[in-house]
Each structure stands twice: as C-alpha cells, then as structure tokens.
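The values are calculated or read from the model by the stated rules, or taken from the named source; none is laboratory data. The structure presented is a predicted model; accordingly, all values stated were derived computationally and were not measured. Note that each Cβ is placed from the backbone with ideal geometry, even for glycine, and that neighbours are counted across all protein chains shown. These area figures cover heavy atoms from the full protein model, side chains too; ligands, DNA and RNA do not enter into them. Shrake-Rupley method; radii C 1.70, N 1.55, O 1.52, S 1.80 Å.
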Amino acid sequence: MSDTVSFGYEDIAPEEKTARVGSVFTSVAGSYDLMNDAMSAGMHRLWKDRFVRRVKPRAGEAVLDMAGGTGDIAFRMAPSGAAITVADINPAMLEVGMERAAGRGIDGLVWTEANAEHLQFPDRFFDAYTIAFGIRNVTDIPAALSEAHRVLRRGGRFFCLEFSTTLWPGFAELYDAYSHRLVPKLGQLLAKDEASYRYLIESIRRFPDMARFQAMIAEAGFVQSRVEPMLGGLVAIHSGWKI
C-alpha cells in the first residue's frame, strides 16, 4: 500500500482514512437506508435484489456478508437457509442492522465486528463472500481482496456490488452534476450531514474503473473474474471464483 490513500478527493495517510471513514459511517448509520433511497430514487433495492440472485445462496452454505452492517443484503439472503455472518468494521452500522432484524423478525444471523483487511475467520471457512457498496471505503483494497480469497473454500465465490463510472454518453455528465450538487444537499436535509455525503460521492469518483477493479480481483487469486454493469456501469456486480 502506498504512503497515502484517497479519502474523497483528498490524499491522506492510511491510518487517518480508517478513522475518518469510521466517523462518516457512525454519523450516517441511523439515516443510511433513507439516504440510499433518496440518492438512488429507490433503485438500490433493485440492484441489491439482482446482486443476491447472482450470489444464489443455498441452504447449508456459510456466507460472509462483509460491510453488511444495516443488513440489506443479509435480509435478502436469509430465506435461502444459508448460515450468514454479517460483518462490519463499524459497530453503529451493526447496531442499526440488528435493530432492523429484530423489527422484521429475522433471526439466525450472526453479527460481528470485523475489519475487511484483517479478518478473524480461519482459512477456507466460507462458501461465499459478499460485499455491497463497501469495498471503496476500505483503506487497503488489495488486502481486503486477499482476505476474501483466504477465507473462502475451494470453489467458493466472491461477489461485490459497487458504484463505478457509467459509459453511457450524456448520462455520465448528468449523474455527475446530480451527485456533486444535490446529494450533499440531500444529506444535509435528511441526515443533517452534508460533509459525509460529499465524501461518499467523492469516493465513487476515486474508485478504480470496472476494468481495473476486475483486474485487481484476478490479482488477488480469483479466477473467471467478470463484471456485470448496470446503467452503463454506474453500478456493477463483480465476481470471481476460488479454485
């Protein structure tokens, strides 16, 4: 990892990013799902549904849902009968997820605080690893991908849902204007936190494009890495297999 990493449009020390990202998600935890609806006009729900259909969790499997704090992905996988561990570095996000699970009557999920770069789980422990809208907030992305590979069994599958850069002419400029000008204002209006939502938008711009991130997944040891773009690549599902 280099001496500096991106925090939005800033370049800062790695240890500072971990702390500052933690502060962002502690701040937005209570309004995170409301803001997801506002920022995506509800489309994040469709993206997550599609993502889980690609994962195809099955009864008897062990699945790690990393950066899954508020439970959106785990709740969608729970009916499959898979044994799901929801992991997040931020305890405030986990608290929101556990409260939501209790309110929905969803039990059987395991909730644990974990750092994607240094997982506490043994080698070859899970059948599938999922991470949705979380990888771009990791300080050392190659380390997180390496850990994902380590904890998966042979034949295990990796799935990541993340924002990227749309390739549709005209739409990219429209979305760029919307996200930079309006999303921070929505953050202030709905969550009383403009700065955190400005970071979340800026972090999308600094994240590797689809081709580069696909290559990073392959570099971590996964095979048959592929990318499935949505909205021209504004959002993408990345996947790979461990053999």
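Remarks
- Per residue, the average separation of C-alpha pairs within less than 8 Å and at least 6 apart gives region 95-234 a relative contact order of 23 percent.
- Cross-link partners of residue 17 among aspartates and glutamates (Cα-Cα below 12 Å; sequence separation of 8 or more within a chain): 3, 140
- What the phi angles of region 201-214 give under the Karplus curve with 6.51, -1.76 and 1.60, with θ = phi - 60°, is a coupling list of 6, 4, 5, 5, 5, 8, 6, x, 5, 4, 5, 5, 5, 4 Hz, glycine and proline written as x.
- GNM result for the chain, Cα springs below 10 Å: residue of 125, 25, 159 fluctuating most strongly: 125
- When both bridge partners sit in the chain, DSSP labels roughly 45% of those beta bridges antiparallel.
- Label-point gap, in nm, between residue 171 and residue 224 - each point 7 angstrom along Cα→Cβ: 2.8 nm
- Rolling a 1.4 Å probe over the protein heavy atoms gives the chain an accessible area of 45 Å² per residue.
- Computed over region 97-189, the range of Cα coordinates on each principal axis works out to 45, 34, 22 Å, biggest value leading.
- Listed options for Cα extents along the principal axes in Å are (1) 54, 37, 32; (2) 66, 39, 30; (3) 46, 40, 35. The value calculated from this structure is the one marked (3).
- For residue 7, the residues 5 or more places off, or on other chains, whose built amide H falls under 5 Å of its own are 12.
- Placing dummy labels 7 Å off each Cα toward the beta-carbon, the span from residue 190 to residue 120 is 3.3 nm.
- The phi torsions of region 47-54, fed into the Karplus equation with coefficients 6.51, -1.76 and 1.60 and a -60° offset, translate into couplings of 4, 5, 4, 5, 4, 5, 4, 6 Hz, rounded to whole numbers, with Gly and Pro shown as x.
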